[in-house]
Each structure stands twice: as C-alpha cells, then as structure tokens.
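Just below is one structure, and these are the notes that go with it.
The values are calculated or read from the model by the stated rules, or taken from the named source; none is laboratory data. In this text the structure is predicted, and so the values were computed from the model without any measurement. Using ideal geometry, Cβ is built from the backbone for each residue, glycine included, and neighbour counts are taken over all protein chains shown.
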C-alpha cells in the first residue's frame, strides 16, 4: 500500500504551487493596483517566461497524476475522496485553461527570459482579446480553487488527517 506520493509527484506539486501562487499574486497585483510601468513590464516578462517554461512540467504532472495515482492510506472517507477527486480535476482543468489562454492571448512573440522566443500563435487581435478575457476569468477561478485546496488541507490537518505528510519529501 502506497502511503506517499512519488518524489516526482512531490516535486511537481510544489513547483506548481510556487509558480501558480507567484503568477496569481503578481498578476493580480499588477491588474488591481497601478504599479510603475517598469514594474508591470518586469512582472509580465517574468510571468510569461516562467509559465511558458512550466508548461512541460505541468504536462508531466498530469501524466504522473493519472499514471501513478494517489496514496492508498485511507485517510479520507469515501465522500471526502470523491470531493478531493472533483477538486483536483477542477484544478487541473482550470490550470490547463489558464496556460492555454495565456499562450493564445499573446499579442507578440513569446520571449522566454531572452533565451529564446516563440512566435505569436494568433495574429487576429479580436481573437487574442477573447483569449485574454478567458485568461483573466480562469486566473480568478484558479485563485479561488487554490484557496479552497489550501483550506481543505488545513481542515484535514486540524482534524488529525496528515495529508501534508503524503506530499512531503
């Protein structure tokens, strides 16, 4: 019986957490406040570069999730397992939409830390605007899903169900 996630799953989970939290907080900070142009440009450059590099890691995370599954330690009730499965499916779906819309909304080539550049996927401005709106909405829903995920983990930890142990090194 497997009681922990594999090392690769743990690494990809925490990598995802750091990048998603950074992208969400920095993106909303730039959107909701009025930082100096240089700050806004820097955040945009870093977020585009970081999330572009993250895409293959996210694909690997999905592969590991479906290939290796979850620990079978029976910490959660059958109802909690179902809710967890739904929550994770929504997170993965939402992350996919965020990344896809983020790429498709680009109105210029995708510059990755000045190391390399990818061509702008769609040149039609009205289509990129639609993907920009989808991206903004999906970033907001991802933020809510992440908060729900963290609160669920905290709730279970407080009830003595050591879920974080599964996702630890």
Report task. Go through segment 5-59 and count every residue that is more than 14 Å from the chain's Cα centre (by Cα), closer than 18 Å to residue 140 by Cβ and surrounded by 16 or more Cβ atoms within 10 Å (Cβ to Cβ). Result -> 2
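Of the residues 129, 67, 79, 108, which single one is assigned to a helix (DSSP H, G or I) and at pLDDT 95 or above?
Checking each option against the conditions leaves just 129.
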Requested in this report: Would you mind finding the one in 151, 145 that is outside any loop (DSSP other than H, G, I, E, B) and free of Cβ contacts under 8 Å to residues at least 40 places away in the same chain?
Outcome: 151
Report summary line: Taking segment 145-169 and keeping residues exposed (fewer than 13 other Cβ atoms within 10 Å of the Cβ) and under 17 Å from the mean Cα position of the chain (by Cα) leaves 147, 150, 151
Query raised in the report: Does segment 107-128 contain any residue that is touching a helix residue (DSSP H, G or I) at 6+ places or on another chain (Cβ under 9 Å), surrounded by 12 or more Cβ atoms within 10 Å (Cβ to Cβ) and closer than 30 Å to residue 158 by Cβ?
Result: no
Query raised in the report: Given (1) under 24 Å from residue 122 (Cα atoms); (2) touching a residue at least 12 places away in the same chain (Cβ under 8 Å), where does residue 9 come up short, assuming only one miss?
Result: (1)
